[in-house]
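The structure appears right after this line, and notes come after that.
The values are calculated or read from the model by the stated rules, or taken from the named source; none is laboratory data. Predicted model only: the values in this text are computed from it and were never measured. With ideal geometry, Cβ positions are generated from the backbone for all residues, glycine too; neighbour counts draw on all protein chains shown. Note: accessible area is taken over every heavy atom of the protein model, side chains too, but ligands, DNA and RNA are not part of it. Shrake-Rupley method; radii C 1.70, N 1.55, O 1.52, S 1.80 Å.
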Amino acid sequence: MKPIDVDNLVQRVWDEVMKKRQEVIQFPEQKQPGVERPKNPEALEQAMSRTPARIGIGRAGTRMKTTSYLQFRIDQAAAQDAVMKSITPDLLYQLQLPALHTKAKDMQEYLMNLDSGRMLSDESAAWLAQHGEKGKDVQIIISDGLSTSACEATIPDLLPALMQGLALKKISVAKPVFIHRGRVWVQDHVASIVKCKVVISLIGERPGLATAESLSAYMIYQPNENTVESDRTVISNIHRGGTPPIEAGAYLAELLEEILHYQASGVKYAQMRLK
């Protein structure tokens, strides 16, 4: 027998392993049925098109199929990254957004102490008091909230559309600001400093396994110490699979115009519109 060239064999195996590691696993953008030979393919396809839930993925024995499992882990990792990563400085520079901070010194404090994200830090409050534009109709806040990915995916299209819509309606707007680790209620603190009529917060939603890029818009008319949650008007699910960012920007401009007209937001605004 011809002797085995061990060194050559090891090298061939190693080359094959490295080749496999460099291969990119492609996952389809659209959901695909994993159920083999379904009794009613049309009904299954229709049900899958109406929900982002993981239905119709099929199974291998008692477990998920490999593709479905890997997609689940990818979505889970994307959700975790959306919460924990920091906003890209280039995005703030591109949109010329001053960066402010809340009292939450890090993400751990932000997640464990809700109040820490509801007030600006002393330094940021002082900066806003000195440099913020006072007495405008609208103050726009962008905040990473619980999804930095949502800001990076939607704000570049949403903010210009919103600003353009407000300009066409001749509504005065203060310079937008970005707030690191902000929660919705920080808008009350901001409004008390800049004395605007309406403040709108564009904030990253808690990510899920369907998407980690969903943004919400919270609006309130002249908040004060007696403000409650029902005083806020909210539009959620702003992302490419929900309300597209550009469309949301135009719609929010119209909504802000109505809030200024009725001088009310939240439940009170909804009641006045019905009269």
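Some notes on this structure:
- Charge dipole (Cα centre; +1 on Lys/Arg Cβ, -1 on Asp/Glu Cβ; no other charges) of the range 129-200 amounts to roughly 340 debye.
- Taking amide H as placed 1.01 Å from N in the peptide plane, Glu133 has its amide H under 5 Å from the amide H of Lys175, each at least 5 places away in sequence or on another chain.
- Rounded to the nearest 20, the size of the Cβ-charge dipole of the range 175-242 about its Cα centre is 240 debye, with Lys and Arg at +1 and Asp and Glu at -1.
- Per residue accessible area of the range 112-206, 1.4 Å probe, in Å²: 40
- Ranked packing of 185-194, 93-102, most packed first, by mean Cβ within 10 Å: 185-194, 93-102
- Solvent-accessible surface of protein heavy atoms, probed at 1.4 angstrom with all chains present, puts Lys105, Lys134, Lys169, Lys39 in the order Lys39, Lys105, Lys134, Lys169, largest first.
- Put simply, the range 164-206 fits an ellipsoid with semi-axes of 21, 14, 8 Å; these come from the alpha carbon gyration tensor as the roots of five times its eigenvalues, largest first.
- Solvent-accessible area, 1.4 Å probe, carbon plus sulfur percent, for the range 136-275: 50
- Exceedance of the 19 Å cut-off in Cα-Cα distance is limited, within the set Lys134/Lys197; Lys136/Lys275; Lys134/Lys175; Lys103/Lys134; Lys136/Lys169, to Lys136/Lys275; Lys103/Lys134.
- Where the Cα pairs of the range 87-194 fall when distances are cut into 5 Å bins, in %: 2, 12, 23, 23, 21, 13, 4, 1, 0
- Using the Cβ-Cβ distance between Lys170 and Leu44 with R0 set to 45 Å, the FRET efficiency from 1/(1 + (r/R0)^6) comes to roughly 0.30.
- Across the range 87-126, the convex hull enclosing all Cα atoms gives 75 Å³ per residue.
- Less than 5 angstrom separates the built amide H of Leu100 from those of Phe178, Ile179, His180, all sequence-distant by 5 or more or on a different chain.
- Accessible area per residue in Å² at 1.4 Å probe, computed on the range 217-265: 53
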